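Only one structure is covered here, and it is reproduced in the block below.
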Amino acid sequence: MTRPLLLALALAVLLSAALPAGSALASGGGGGEVSRNIRLTPFSLPGKDRFSYVQLVAELVVREGDEAAVEVQQVQNLRPRIIGRLTEALSAERFMSRSVSAAEVLHLKERLRDLVNDAIGAPMVEDVLIVSLVLS
């Protein structure tokens, strides 16, 4: 049980080091700006291996622009639909095994972004931040 936890922590450190300096984490705090990060509720999915599962917690980063506040509200209102679409698509794919590489995590981020934008019906989400990824 400690090996998946250590792997998840290592991936979190790796991904946090890869964030650009001007990302939404740096711009969300002050000056009357709208927080563009929307945290999704944790959800579990079946893994590739027998009796394995993946628990995922992610944040969606809404694109910047004049209509950012409206778009953030639209994405927040569509969270149940987004979670349903992600759960349905990723459960069918059985996308992760217990030994995951950095390339697979980057592919997961891109896949999540594409599925979320498809669920919304417009390209409002520019990035997906993986907060927690537990493989068991």
May I ask you to say which residue of E67, E59 is open to solvent by 70 Å² or more (accessible area, probe 1.4 Å) and of a type in the set (D, E)? E67
Selection count where residues are among the polar types (S, T, N, Q) and either in contact with a strand residue (DSSP E or B) (Cβ under 6 Å, 6 or more places away or on another chain) or crowded, with 19+ Cβ neighbours inside 10 Å (or both), scope region 88-136: 4
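In this structure, does L19 turn out to be under 14 Å from the mean Cα position of the chain (by Cα), modelled with pLDDT under 70 and either over 15 Å from I130 (Cβ atoms) or not aromatic (F, W, Y) (or both)? If you could, list the steps in order and put the result at the bottom.
Details: under 14 Å from the mean Cα position of the chain (by Cα): yes; modelled with pLDDT under 70: yes; either over 15 Å from I130 (Cβ atoms) or not aromatic (F, W, Y) (or both): yes.
So L19 passes the test.
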Cross-chain or 6+ apart pairs with Cβ under 7 Å, region 103-120 first and among the aromatic types (F, W, Y), then part of a helix (DSSP H, G or I): none
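Assigned to a helix (DSSP H, G or I) and over 14 Å from I38 (Cα atoms): which single residue out of L56, L106, L112 fits that description? Quick ask: steps written out before the conclusion?
Values: L56 fails: assigned to a helix (DSSP H, G or I); L112 fails: over 14 Å from I38 (Cα atoms).
So the residue among L56, L106, L112 that is assigned to a helix (DSSP H, G or I) and over 14 Å from I38 (Cα atoms) is L106.
The values are calculated or read from the model by the stated rules, or taken from the named source; none is laboratory data. A quick note: this is a predicted structure, and the numbers were derived from the prediction, not measured. With ideal geometry, Cβ positions are generated from the backbone for all residues, glycine too; neighbour counts draw on all protein chains shown. When the accessible area is computed, the model is the full protein with side chains, heavy atoms only, and any ligands, DNA or RNA have been set aside. Shrake-Rupley method; radii C 1.70, N 1.55, O 1.52, S 1.80 Å.
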